[in-house]
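Everything below concerns the one structure shown next.
Readers should treat all values here as calculations from the given coordinates under stated rules, not as data from a laboratory. Values in this document were obtained by computation on a predicted structure and should not be read as measured data. A quick note on method: Cβ atoms are made from the backbone with ideal geometry, for glycine too, and the neighbour counts reach across all protein chains shown.
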Amino acid sequence: MITRILLLSALLFLPKVSQVHGQVALPDPDAVRPIDALDTVLLEEMTWMEVRDAIRAGKTTVIIATGGIEQNGPYLVTGKHNIILRATSEAIARELGNALIAPIVPFVPEGEFDPPTGHMRYPGTVSVRESTFQALLTDIASSLKTHGFEEVILLGDSGGNQDGMAEVARTLGESWAGSGSRIHFIPEYYDNPRWVEWLEERGVVEVSEGLHDDVRHASIMALVDPAFIRADQRREAGLFRINGVELDPLDRTQKLAEELVGFQARVTAAAIREAIGQG
């Protein structure tokens, strides 16, 4: 008897679902969320109810971040840009306080296929056509607009992504006029000279080895997971440095990255606020 009572009680708190010819269909979009929300700003880590309730609570800004899969020298994994965005995009969203993050777009233009050009000359690189990239961003942004996001933010961690994002923001901005939703491309995120200057002010002066690798990228990747920069293997080989800068002690490098991520988040968040009129 007690078991039946508990079961009936539990059923009362399940989301309502509609019935179509005896088949269970989709849940009621207005069903009450039965459990507390997780403290995350990542859409892919949220339930649909958590996303809905976050939007209703005022988190109406969403960040679409673009990365890439490409060669990054002998030490850094091909997902460098996507991994860095795990740290920077979350820091930006939390700095804003009213933003969520769409799943990172991992595939971007990296070169031609036949004959291969750019990064496509190296195994492991994944490229998409510029038209594919822009179409993907358009559909992702349109999906998020449908769900009630009012400010859609485009930013990218790689140079080849910038023009495509700017074009998508321009074309969608025109077609969305008067809809209640806007889209913005934020080039301030990809201000590499600014991040280099910040590092140099802290005594990190590099001499390029031409390896498509540097202290900024390596340190932030190490903050996420030192295996992504092959820390152990490089120590064993006596190669745990880049561009003349030693990466040991690792905790010092990670602390530097944490401070740099915070700085980049503040700069980018300020640019976003200015773009949406909250500056």
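Approximating the spin labels as points 7 Å out from Cα along Cα→Cβ, the residue 129-to-residue 248 distance works out to 5.0 nm. Fully extending the segment from residue 30 to residue 270, taken as 0.36 nm per residue of separation minus the present Cα-Cα distance, adds 83.0 nm. Multiplying the residue separation of residue 211 and residue 239 by 0.36 nm and subtracting their alpha-carbon distance yields 8.8 nm.
Helix-only arithmetic for the chain: the sum of -39500 (n - 2.57) across DSSP H runs with n ≥ 4, divided by the residue total, places the mean residue ellipticity at 222 nm at -14000 deg cm²/dmol. Peptides 113-122, 152-161 ordered by packing proxy, namely the average of other Cβ atoms within 10 Å per residue, highest first: 152-161, 113-122.
For every other residue with a beta carbon closer than 10 angstrom to the beta carbon of residue 220, add +1 if it is Lys or Arg and -1 if Asp or Glu, then tell me the sum. Taking every Cβ under 10 Å from that of residue 220, the sum is +1.
A value for Rg/Rh (Cα atoms, Kirkwood Rh) was derived from the coordinates, and within the list (1) 0.94; (2) 1.05; (3) 1.01 it appears as (2).
Please sort 210-221, 244-255, 31-42 by packing, taking for each peptide the average over its residues of neighbouring beta carbons within 10 angstrom, highest first. Please list the in-between numbers first.
On the way: 210-221: 21.6, 244-255: 14.6, 31-42: 12.4.
Packing proxy ranking, top to bottom: 210-221, 244-255, 31-42.
Please give the length that would be gained between residue 179 and residue 278 if that part of the chain were fully extended, namely 0.36 nm times their separation in residues minus their C-alpha to C-alpha distance (nm, one decimal). Can you show the working numbers first?
Values: separation 99, 0.36 × 99 = 35.64 nm, distance 1.92 nm.
Additional length available on full extension: 33.7 nm.
Take every DSSP beta bridge whose two residues both sit in segment 37-275; close to 25 percent of them are antiparallel. The mean sequence distance of close C-alpha pairs (under 8 Å, at least 6 residues apart), as a share of the length of the chain, puts its relative contact order at 18 percent. Counting only alpha carbon atoms, the long axis of helix 250-275 and the longest principal axis of the chain meet at about 60°. Computed from backbone phi with θ = phi - 60° and the Karplus coefficients 6.51, -1.76 and 1.60, the 3J(HN,Hα) list for segment 181-195 is 10, 10, 10, 9, 9, 10, x, 4, 4, 9, 10, 4, x, 5, 6 Hz; x is used for glycine and proline. Computed from Cα atoms, the angle from the helix 162-175 axis to the main principal axis of the chain rounds to 30 degrees. Less than 5 angstrom separates the built amide H of residue 242 from those of 247, all sequence-distant by 5 or more or on a different chain.
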